[in-house]
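Worksheet: one structure, shown below.
The values are calculated or read from the model by the stated rules, or taken from the named source; none is laboratory data. In this text, all values refer to a predicted model and were calculated from it rather than measured experimentally. Positions of Cβ are backbone-derived with ideal geometry, glycine not excepted, and every protein chain shown enters the neighbour counts.
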Amino acid sequence: MRLIVDGKSIDLDVDPDMPLLWALRDIAGVTGPKFGCGVAACGACTVLIDGAPVRSCSLPVGQVAGEVTTIEGIGSRDKLHPVQQAWLEEQVAQCGYCQAGQIMSAVALLDEIDDPTDEEIDQAMGGNLCRCGTYPRIRAAVHKAAQLKLARS
Amino acid sequence: MASIGKIARRTFLIGAAAVAGGVAVGYYHYRKPYPNPLEGELADGEATFNPYVKIDADNTITVIAPRAEMGQGISTTLAAFVAEELEVDLDQVKVEHGPASYAYYNQKMLEEGAGFNFWDESYAAETVRSIMLGVGKMLGLQGTGGSTSTTDGFDRMRQAGAAARMMLVEAAARKFGVAASELTAENASVHHKASGKSATYGELAADAAKLDPPRDVVLKDRSQWKILGKPQKRVDMLDKVTGAPIFGIDVRLPEMLYATVRISPVFGVKPVRSDTGAAAKMPGVVKIVPIDSVYGSGFGVIAENTWAAFQAAEAIDVEWGKPAYPADSDAIMKLIADAAAQGDATVERDDGDVDAAFAGAPADKMIEADYSVPYLSHAPMEPMNCTAQLKDGEMHVWAPNQMPVLVRWFCADIAGVPIDKTHVRTTSMGGAFGRRGELDYAIYAALLAKETGGRPVKVTYTREEDMRHDCYRPASAGRFRARVGDDGLPVAVDMRVAAQNMSVSLMSRWFPSLPGGGPDPSITDGARNQPYTIPNYRVASVQAQVPAIPVSFWRSVGNSVNGFFHESFMDEIAHLGKVDPVEMRRRLMADFPAALAVVNKVAEMSNWGEQLPSGAAKGFAFTLSFGSWVGQVVQIADTPSGIRLEKMWIAADVGTAIDPGIIETQLTGGAIFGLSAAMGQQITFRDGQVEQSNFHDFDAMRIWQAPRFEVAILENFHRMGGVGEVGTPPAAAALANAVFALTGKRIRQLPLNRDVKFA
């Protein structure tokens with residue numbers, strides 16, 4: 001089957017029941033999305049499909065209809081996405097393992113709401129678990145990302 | 001495991017000799033440095049000065065930060081020690097974990113394990129600490145734990161930076177034909193102001209590394225620090241916001257196979273009947289192999305991808321044996337509670353005459369209470385995993401782990417190759433919290449690497465396998481009593497705490513041929529060693545005999561239990577004595593100025609004592625752990641959907657604050673870790689198996705539940721403390737005390753959501 005991942009077309013010879021996450025990580029070599037739970041309970045595997053946040057660990061790759069965007073496709077080390085830039089400036093990550101998913105959820109949130117309130121952030125990010133407890137800085141970084149994004153547009 | 005036993009016996013015997021005979025016996029070995037492990041792996045153009053510094057001719061400066069980066073920011077702080085003295089900016093250095101090596105032994109882990117109170121600076125305490133330092137050196141145990149990495153690295157890594165700088169300056173002096181005293185090192189170059197000559201470190205490195213290291217190294221005074229003492233940009237942050245493949249689970253190698261394990265969910269038993277036939281025929285499955293190890297028995301499934309391995313592991317038809325321990329949680333907890341009530345106790349603190357002080361106490365001045373906490377899983381976000389390759393007589397291991405030297409021993413032993421042909425690379429870790437001090441994932445990867453004909457194999461646990469095969473925070477029970485005087489302050493406190501002996505559990509996995517035993521000081525850690533002056537004050541530990549359930553280090557270890565027990569019970573005493581709980585601490589901690597300052601600071605920050613609107617309340621708790629003095633106040637509110645955590649204030653005296661930004665995140669993160677457990681986490685058993693399996697039934701705090709934080713970092717005490725764990729211990733008690741203030745309900749059993757609902 002053929003998938004568009006981070007703007008690139010890739011051919012995958014896999015069981016269509018394989019979750020998108022494992023097709024990305026093991027077959028396509030896109031390791032940015034992380035495996036945390038396998039049951040859509042932690043959000044570490046969050047990717048965007050046509051802009052909407054999806055838990056890739058629980059979506060069979062055969063059912064993917066749309067362009068997949070992962071943490072590796074939103075920016076580069078030299079040209080960060082505003083959300084990545086805000087995460088860097090606020091020094092959000094501790095272990096960093098959940099942050100690819102956190103950042104993708106924040107990207108989707110800011111595409112929906114330009115300047116979210118704390119309550120809107122809490123609501124949108126509730127599916128993304130962080131065991132290190134980076135939540136206070138995530139809130140600050142989403143607010144900062146909103147400002148960076150508005151300034152760029 | 002014969003050779004492991006031999007290695008262990010030898011090293012432990014050396015340690016024992018040092019303890020018994022004094023360090024002088026092993027003085028030569030103690031002083032002699034371990035060989036520099038970087039010597040053997042230099043690239044063309046690279047020169048190494050000591051185990052912490054490599055400089056390439058192209059001026060690439062590599063600092064080895066040989067402690068597990070599991071989120072606590074240690075790679076940044078350790079690199080900062082070297083950079084400060086080397087006179088380079090933090091963004092000028094490349095930071096690597098480096099190889100597993102005795103040279104990176106952690107001396108502090110054993111030093112504070114000697115069991116003296118942190119504030120005890122008596123001759124006996126200092127002597128034992130210095131002996132333990134020698135033991136740590138001789139064991140060569142490279143490990144991350146006990147919140148020791150910063151205090152352990154503080155002198156050693158600054159000295160390493162300074163020594164390298166002095167050698168570079170000396171090389172420049174010879175090159176320029178001037179005296180070293182005329183030169184200055186700055187910005188990765190050495191300058192001679194008078195002549196305008198300068199050379200980069202890269203240009204000097206090859207010559208400098210040939211010089212003898214300086215005999216005496218003078219470190220900068222704190223007033224000269226440019227990097228230390230100020231918040232730094234973390235060296236790992238860019239990787240972490242771009243999804244870079246830095247974690248163990250991200251390892252990808254040519255020809256790599258993927259695997260998982262299915263280990264008995266009943267601890268300590270083997271399969272009694274199994275059929276792997278159908279699973280082995282599933283698409284993508286390469287091989288299914290039986291596993292029999294010190295961590296458990298079951299199966300390894302090798303496949304073409306992780307998903308195929310997961311599917312096949314689930315399809316194995318197997319029946320497991322019966323547990324040697326009580327099959328259900330109620331029976332296990334009763335066993336532990338009975339031990340607290342009646343078991344043989346080891347008295348760990350005994351001030352005054354407790355029994356006499358309770359004699360004839362009037363009922364209205366007495367309080368007795370039974371407390372308990374459940375087993376807990378570590379549940380780091382990155383499930384256990386490890387990659388191994390056994391090829392051409394060499395063993396290569398890529399492991400997210402906290403104990404590289406032990407990983408190396410075990411993997412060498414399993415592969416049957418010498419230690420020096422076994423190479424362990426420690427990756428970044430998606431959390432650990434003590435879990436990756438265990439070795440199961442590495443043992444399984446090494447066993448499976450023998451089955452792949454030289455191809456590398458990456459073993460990944462499902463979340464279910466991870467949660468049901470943890471080495472858990474021990475469940476614990478406490479029986480407490482106190483008598484208050486006419487002034488409302490306690491005149492006698494008597495505490496008995498029971499739990500499984502963690503070192504016995506650990507030894508049964510690591511060194512089953514060695515005897516384990518003796519009292520386990522971690523059972524009362526956080527209760528026996530708190531800065532309170534109470535005239536009659538006894539704290540005793542009891543070993544609860546629960547066979548086979550593996551228990552281990554969970555962020556803050558015994559403090560995670562006793563922070564809750566001790567500080568909840570202090571709140572009960574204050575209530576009985578009709579004394580404000582913060583005021584009671586001020587009076588009982590008067591002999592400990594560092595503690596008193598923390599209590600006063602957090603009370604001031606939180607405006608303790610203010611009139612709150614109805615439906616809101618605050619709770620206070622304090623724990624001294626890992627050398628840092630931490631006070632917390634949490635404010636909660638009753639809402640239609642349950643109790644909401646509104647705000648938490650934290651004051652912490654860490655002695656010397658190396659990186660205030662990282663310290664703040666550790667204090668808040670540690671508190672969230674403790675609050676998560678207090679609010680809703682428990683590991684329970686049915687039919688000898690752990691009931692919880694994933695984040696739906698073992699969840700942690702979510703962002704909407706997280707309070708706002710305000711943190712104050714104090715530096716009053718004259719010795720530096722750790723920060724990675726110290727935010728956790730008081731959190732549960734602060735919350736339980738707030739719940740009492742809000743509802744009048746005293747909850748003595750965690751998790752709190754057994755009794756109250758949280759929003």
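Is it the case, given these coordinates, that residue B:283 is within 14 Å of another protein chain (Cβ to nearest Cβ) and more than 29 Å from the chain's Cα centre (by Cα)? Can you show your working first?
Details: within 14 Å of another protein chain (Cβ to nearest Cβ): yes; more than 29 Å from the chain's Cα centre (by Cα): yes.
Judged against the criteria, residue B:283 is a match.
Out of B:278, B:312, B:303, B:331, I need the residue that is surrounded by fewer than 21 Cβ atoms within 10 Å (Cβ to Cβ), of a type in the set (A, V, I, L, M), at pLDDT 95 or above and in contact with a helix residue (DSSP H, G or I) (Cβ under 9 Å, 6 or more places away or on another chain). Which one?
Working: B:312 fails: surrounded by fewer than 21 Cβ atoms within 10 Å (Cβ to Cβ); B:303 fails: surrounded by fewer than 21 Cβ atoms within 10 Å (Cβ to Cβ); B:331 fails: in contact with a helix residue (DSSP H, G or I) (Cβ under 9 Å, 6 or more places away or on another chain).
Among B:278, B:312, B:303, B:331, only B:278 is surrounded by fewer than 21 Cβ atoms within 10 Å (Cβ to Cβ), of a type in the set (A, V, I, L, M), at pLDDT 95 or above and in contact with a helix residue (DSSP H, G or I) (Cβ under 9 Å, 6 or more places away or on another chain).
Check segment B:216-231 and report whether any residue there is touching a residue at least 40 places away in the same chain (Cβ under 8 Å), crowded, with 23+ Cβ neighbours inside 10 Å and at negative phi.
Within segment B:216-231 (the criterion being touching a residue at least 40 places away in the same chain (Cβ under 8 Å), crowded, with 23+ Cβ neighbours inside 10 Å and at negative phi), the answer is no, since none of the residues qualifies.
With the requirement that a residue be of a type in the set (D, E, K, R), within 13 Å of another protein chain (Cβ to nearest Cβ) and within 22 Å of residue A:16 (Cβ to Cβ), what does segment A:31-78 give you? Break it down into steps so the answer makes sense when it comes.
Residues of segment A:31-78 that are of a type in the set (D, E, K, R), as a first pass: A:34, A:50, A:55, A:67, A:72, A:77-78.
Next, from what is left, pick out any that are within 13 Å of another protein chain (Cβ to nearest Cβ): A:34, A:55, A:72, A:77-78.
The one that is of a type in the set (D, E, K, R), within 13 Å of another protein chain (Cβ to nearest Cβ) and within 22 Å of residue A:16 (Cβ to Cβ): A:55.
Only one of these is touching a residue at least 12 places away in the same chain (Cβ under 8 Å), assigned by TED's automatic domain parsing to the domain that holds residue B:551 and either of a type in the set (Asp, Glu) or over 30 Å from residue B:677 (Cβ atoms) (or both): B:364, B:370. Name it. Give the steps one after another, and end with the answer.
Values: B:364 fails: touching a residue at least 12 places away in the same chain (Cβ under 8 Å).
Just a single option satisfies the conditions, and that option is B:370.
Which members of segment B:427-444 meet the condition of being aliphatic (A, V, I, L, M) and away from chain A (no Cβ under 11 Å)? If you could, list the steps in order and put the result at the bottom.
The initial filter retains those residues of segment B:427-444 that are aliphatic (A, V, I, L, M), namely B:429, B:432, B:439, B:442-443.
B:439, B:442, B:443 - these are the residues of segment B:427-444 that are aliphatic (A, V, I, L, M) and away from chain A (no Cβ under 11 Å).
Pairs needed: first member in segment B:155-180, closer than 29 Å to residue B:76 by Cβ; second member anywhere, hydroxyl-bearing (Ser, Thr, Tyr); C-beta distance under 7 Å; at least 6 residues apart or different chains.
Going by the 7 Å Cβ cut-off, the qualifying pairs are B:157/B:52; B:160/B:52; B:168/B:201.
Being in a strand (DSSP E or B) and within 30 Å of residue B:106 (Cα to Cα) is the requirement here; does residue B:498 meet it? So that I can check it myself, show each step before the final result.
Working: in a strand (DSSP E or B): yes; within 30 Å of residue B:106 (Cα to Cα): yes.
Against the criterion (in a strand (DSSP E or B) and within 30 Å of residue B:106 (Cα to Cα)), residue B:498 qualifies.
May I ask you to verify whether residue B:269 is surrounded by 16 or more Cβ atoms within 10 Å (Cβ to Cβ), part of a loop (DSSP other than H, G, I, E, B) and out of contact with any His (no Cβ under 6 Å at 6 or more places or on another chain)? Give the derivation first.
On the way: surrounded by 16 or more Cβ atoms within 10 Å (Cβ to Cβ): yes; part of a loop (DSSP other than H, G, I, E, B): yes; out of contact with any His (no Cβ under 6 Å at 6 or more places or on another chain): yes.
For residue B:269, the condition - surrounded by 16 or more Cβ atoms within 10 Å (Cβ to Cβ), part of a loop (DSSP other than H, G, I, E, B) and out of contact with any His (no Cβ under 6 Å at 6 or more places or on another chain) - is met.
Among the residues of segment B:643-682, how many are within 12 Å of chain A (Cβ to nearest Cβ), of a type in the set (Gly, Ala, Ser) and surrounded by 22 or more Cβ atoms within 10 Å (Cβ to Cβ)?
6
Yes/no per residue for (1) without any contact (Cβ under 8 Å) to a residue 60 or more places away in the chain; (2) more than 11 Å from chain B (Cβ to nearest Cβ); (3) in contact with a helix residue (DSSP H, G or I) (Cβ under 8 Å, 6 or more places away or on another chain); (4) assigned to a loop (DSSP other than H, G, I, E, B):
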| site | (1), (2), (3), (4) |
| --- | --- |
| A:88 | yes, no, yes, no |
| A:93 | yes, no, yes, yes |
| A:108 | no, yes, yes, no |
| A:127 | no, no, yes, yes |
| A:133 | yes, no, yes, yes |
| A:149 | no, yes, yes, no |
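Within the set of pairs 6+ apart or on separate chains, which have a first residue in segment B:336-354 that is in the same structural domain as residue B:529 (by TED's automatic domain parsing), a second that is of a type in the set (Val, Ile, Thr) and part of a helix (DSSP H, G or I), and C-beta atoms under 9 Å apart?
Sorted first by the residue in segment B:336-354, then by its partner, the pairs are B:346/B:523; B:346/B:524; B:348/B:523; B:348/B:524; B:349/B:524.
I need the helices (runs of 4 or more DSSP H) fully contained in segment B:287-388, keeping only those with at least 3 residues that are more than 14 Å from chain A (Cβ to nearest Cβ) and within 29 Å of the chain's Cα centre (by Cα).
Values: elements: B:306-315, B:329-342, B:354-358.
The helices (runs of 4 or more DSSP H) meeting that bar are B:329-342.
So, restricting to strands (runs of 3 or more DSSP E) that lie completely within segment B:164-230, which ones have at least 1 residues that are touching a Leu at 6+ places or on another chain (Cβ under 7 Å)?
On the way: elements: B:183-186, B:189-192, B:197-200.
Qualifying strands (runs of 3 or more DSSP E): B:183-186, B:189-192.
Given the conditions (1) under 28 Å from residue B:39 (Cα atoms); (2) hydrophobic (A, V, I, L, M, F, W, C); (3) modelled with pLDDT of 95 or more; (4) surrounded by fewer than 19 Cβ atoms within 10 Å (Cβ to Cβ), and given that residue B:238 satisfies all but one, which numbered condition is not satisfied?
Tallying (1) under 28 Å from residue B:39 (Cα atoms); (2) hydrophobic (A, V, I, L, M, F, W, C); (3) modelled with pLDDT of 95 or more; (4) surrounded by fewer than 19 Cβ atoms within 10 Å (Cβ to Cβ), residue B:238 fails exactly one: (1).
Output yes when any residue across segment A:55-64 is within 20 Å of residue A:112 (Cβ to Cβ) and either surrounded by 21 or more Cβ atoms within 10 Å (Cβ to Cβ) or touching a residue at least 60 places away in the same chain (Cβ under 8 Å) (or both), and no when none is.
Yes; the residues of segment A:55-64 include at least one that is within 20 Å of residue A:112 (Cβ to Cβ) and either surrounded by 21 or more Cβ atoms within 10 Å (Cβ to Cβ) or touching a residue at least 60 places away in the same chain (Cβ under 8 Å) (or both).
Cβ contacts < 8 Å: first residue within 11 Å of residue B:170 (Cα to Cα) and assigned by TED's automatic domain parsing to the domain that holds residue B:53, restricted to segment B:189-214; second residue in a helix (DSSP H, G or I) and among the β-branched types (Val, Ile, Thr), any location; separation 6+ or different chain. Result?
B:190/B:169
For segment B:49-83, how many residues are within 23 Å of residue B:212 (Cβ to Cβ) and either within 14 Å of chain A (Cβ to nearest Cβ) or not in a loop (DSSP other than H, G, I, E, B) (or both)?
Kept after step one, since they are within 23 Å of residue B:212 (Cβ to Cβ), are these residues of segment B:49-83: B:49-57, B:61-64, B:81-82.
Adding the requirement that they be either within 14 Å of chain A (Cβ to nearest Cβ) or not in a loop (DSSP other than H, G, I, E, B) (or both) leaves B:49-50, B:53-56, B:61-64, B:81-82.
Result for segment B:49-83: 12.
Pick from B:526, B:518, B:453: which is farther than 26 Å from residue B:685 by Cα, in the same structural domain as residue B:258 (by TED's automatic domain parsing) and either in a loop (DSSP other than H, G, I, E, B) or over 19 Å from the mean Cα position of the chain (by Cα) (or both)? Steps first, answer last, please.
Numbers: B:526 fails: in the same structural domain as residue B:258 (by TED's automatic domain parsing); B:518 fails: in the same structural domain as residue B:258 (by TED's automatic domain parsing).
Going through B:526, B:518, B:453 in turn, the sole match is B:453.
Step by step: first the residues of segment B:692-712, then only those that are free of Cβ contacts under 8 Å to residues at least 40 places away in the same chain and over 23 Å from residue B:637 (Cβ atoms), then the one that is nearest to the other protein chains (Cβ to nearest Cβ). Which residue is that?
The selected residue is B:696.
Only one residue in B:267, B:247 is of a type in the set (Phe, Trp, Tyr), away from chain A (no Cβ under 14 Å) and touching a residue at least 40 places away in the same chain (Cβ under 8 Å). Which one?
On the way: B:247 fails: away from chain A (no Cβ under 14 Å).
Answer to the selection: B:267.
Could you check residue A:103 against (1) touching a Ser or Thr at 6+ places or on another chain (Cβ under 9 Å); (2) within 9 Å of chain B (Cβ to nearest Cβ); (3) not in a helix (DSSP H, G or I) and say which number it fails?
(3)
Filter segment B:708-732 for residues that are in a loop (DSSP other than H, G, I, E, B) and surrounded by fewer than 22 Cβ atoms within 10 Å (Cβ to Cβ) and give the result. Before you say what the answer is, go through the steps one by one.
Going residue by residue through segment B:708-732, those that are in a loop (DSSP other than H, G, I, E, B) are B:715-730.
If the condition is that a residue be in a loop (DSSP other than H, G, I, E, B) and surrounded by fewer than 22 Cβ atoms within 10 Å (Cβ to Cβ), then B:715, B:716, B:718, B:719, B:720 are the ones that fit.
For residue B:44, all conditions in the list (1) in a helix (DSSP H, G or I); (2) free of Cβ contacts under 8 Å to residues at least 12 places away in the same chain hold save one; what is the number of the exception?
Every condition holds for residue B:44 apart from (1).
If you scan segment A:59-82, which residues turn out to be in a strand (DSSP E or B) and either closer than 11 Å to residue A:104 by Cβ or under 14 Å from the mean Cα position of the chain (by Cα) (or both)?
Keep residues of segment A:59-82 that are in a strand (DSSP E or B), which gives A:60, A:68-69.
Hits for segment A:59-82 are A:68, A:69.
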